[in-house]
Amino acid sequence: MADSAVMGSGSLNSGNRSAASKTSTSPSENYQLARRRTLQVVISSLLTECGFESAEKAAVETLTEMMQSYISEVGRCARANCEHTARSTPTLSDVVITLVEMGFNVDTLPAYAKRSQRMVITAPPVTNASVVPKALMTGQKRTHPPHIPSHFPEFPDPHTYIKTPTFREPVSDYQVVREKAASQRRDVERALTRFMAKTGETQSLFKDDISAFPLIAARPNSIPYLSALLPSELELQMLEETDSSEQDDQTDTENNPNNMIQDDQGADKENAVLPPGGGVPAGKPSEENMIDNPYLRPVKKPKVRRKK
């Protein structure tokens, strides 16, 4: 059992320190490691009392397992004896009966406890529990009303049921509004440019890397100045609205009975003034002489259609 290649009694605790350095995650693992380390210290002290200067790690582990199994069996039997007598907490008599049933001589315990070469093992250091930071309290915690018994659970924290309305005031600063509008416009332009670059044809500044700095490909047009001459959609819409308003005004005047009488009188006068040949005087332009090009027509002010 002795081994000269292993260190002395101080080496018996080296494995314990290395095992303690390993971090564990759950509290149950921490408890098992602490219990195992304590048993290994006890086994090392007993071996030192018996005269051993060193021991193999496997031997220490075997003896530790044996002691752990023995203590576990004592605790299990003591609990069984306790429950057999309708109790929930074991007493000293339950432990003595268990040792007697396991074949241990109880009378030798006082002499063994008073032996001269007994080694005293210091208690493990007590680690301070980590301080849990206090939660931020909102409002005052409510107590139970008189009609609710005191053994009922307490009310939850006030922040769980207190309604705290939160809202942001609209930004009315001129500079902030203009900056926000400019940034939104810039973002929209970038998004549209990227969309057109991904969906349409693109050209690159570099022949080697096509994906770097993509540019929207220009579509060749045989008549590049045609788009400048043709009216835009907004102008066409305005012209259509103007024409529709003029037609509505014209229909209104035609349906007016006073205008109908005046038109009849005017027609008689025109028939009386007309020359015998029946020709139209050249003073007023006819429909054939009207200019068809919208850019060469005389300017007409759009009529605002009033709601009736």
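All of the numbers you see were taken from the coordinates with simple rules; none came from a lab. Nothing here was measured: the structure is a model prediction, and the numbers come from that model. All Cβ positions, glycine included, derive from the backbone under ideal geometry; neighbour counts span all protein chains shown.
The chymotrypsin sites (Phe, Trp or Tyr not before Pro) of segment 184-239 that DSSP puts in a loop, and whose beta carbon has at most 14 other beta carbons within 10 Å, are F206, Y225.
For segment 69-168, chymotrypsin sites (Phe, Trp or Tyr not before Pro) are listed when DSSP marks them as loop and at most 16 other Cβ atoms sit within 10 Å of their Cβ; the list is F104, Y161, F167.
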